[in-house]
Amino acid sequence: MSPERISSERILVSVPDRVLRDALGQLPDGVNLIEWAMDGPAPVPEIDLVVMPYMGATKKLAHLAGVQTRLVQSQAIGYDGADAVLPTGTVLANAATVHEASTAELTVALILAAQRGLPDFVRAAAAGQWSRPARQHASLADRTVLLIGYGGVSRAIEARLLPFETTIVRVARTARDDENGRVHAFADLADLLPQADIVVVAVPLTPETHHLVDDAFLSRMSDGALLVNIARGPVADTDALLAHASSGRVRLALDVTDPEPLPDGHPLFALPNVLVSPHVGGASTAMLPRMVRLLRTQIERMQRGEEPLNVVLGRPAAG
């Protein structure tokens, strides 16, 4: 494809809302935007780049049936369930590079809140009480943190936890060594779990990771250890979480739950050693500028006839 052909190629991009449309600003010549929230049939039969809504969009992929598109861009990192809905031959890219910083921030916030007893202080203040703890809360300093699932989010978490004087132990699907030392395999979890003060779960939801955190997993954790789930709710068995937290043996900090949203009055809410946030890992002001940067890069690559970034399902057509 010649440079002249690339520069003159017209590209149609659909975005799900006006906020993202306005944030994209002025795009290169030949790039046109339309709004489509994917809540019904496509407004036109051919859309070069389809941007999915941020939350709850997986089922909406069915509306791509009959639409000619070169790339579907998710606004999330996870894409569990998409392969069952995405029309055959459609290419899906995830939003790697968009949510890592924000999710890592929330992870550190959940850890610090749980370690230093902030929920207890908030509850006491809401009751109009000054409440000094009967004993010292655990520090984050000098703790061993086990990161399960060593992708972009975990690398961002690691970078933020190391200055807190922690020891980081990393686990991924396959063992390897890198510039920071050993990355253990999932097969090592049984031996690693008892050594950890804090366990952070950041794996994608797959058939292999469904209920990874079960009774056996939690039983291997040391007494008083903290489990942080910022992955997907079904990665953990909710009944097992409730049983172990109710006994007081382990503590929980959950940004994701199963079911989600967690129903009003669910017993997990009532436990003082459980901290629940409503799946807001990526939902910060850091998201929009990073999403815009990724979309502009995808558009520019499409204009140059280059393959898109972050493809997780399907195969891009040759340029």
*Put +1 on the Cβ of each Lys and Arg and -1 on the Cβ of each Asp and Glu in the chain; which of G265, V213, T167 then has its Cα farthest toward the positive end of the dipole?*
T167
*asked:* Helix-only mean residue ellipticity at 222 nm, the chain, DSSP H runs n ≥ 4 weighted -39,500 (n - 2.57), per residue, nearest 500. What is it?
replied: -8000 deg cm²/dmol
*Please give the per residue accessible area of segment 99-276, computed with a probe of 1.4 Å over protein heavy atoms only, in Å².*
49
*Can you give the FRET efficiency for L309 and A84, using 1/(1 + (r/R0)^6), R0 = 30 Å, r = Cβ-Cβ distance, to the nearest 0.05?*
0.80
*How much of T90 can a 1.4 Å solvent probe reach, expressed as accessible area in Å² and rounded to 10?*
10
*Pairwise FRET efficiency - R182 versus S139, Cβ, R0 = 25 Å, nearest 0.05*: 0.50
*Quick one: which of 203-209, 260-266 comes out on top by average Cβ neighbours within 10 Å, and what's the full order, highest first?*
203-209, 260-266
*Output the antiparallel fraction of DSSP beta bridges having both residues in the chain, as a percent to the nearest 5.*
10
_Protection proxy ranking, peptides 244-253, 305-314, average beta carbon neighbours within 10 Å, highest first_ = 244-253, 305-314
*Take the Cβ-Cβ distance between V44 and A109 as r, set R0 to 41 Å, and report the resulting FRET efficiency rounded to the nearest 0.05.*
0.45
*Using only the alpha-carbon atoms of the chain, report the extent along each of the three principal axes, biggest first, to the nearest angstrom.*
71, 47, 34
*Once the whole set of protein chains is in place, how much accessible area is left on Y79, using a 1.4 Å probe, in Å² to the nearest 10?*
90
*Hey, any idea what % of segment 99-276's accessible area is carbon plus sulfur with a 1.4 Å probe?*
53
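The values are calculated or read from the model by the stated rules, or taken from the named source; none is laboratory data. The shown structure was predicted, so the numbers you read here are calculated from the model rather than taken from an experiment. In this analysis, Cβ positions are derived from the backbone assuming ideal geometry, glycine residues included, and neighbour counts consider all displayed protein chains. In case anyone asks, the SASA skips ligands and DNA or RNA and just uses the protein heavy atoms, side chains included. Shrake-Rupley method; radii C 1.70, N 1.55, O 1.52, S 1.80 Å.
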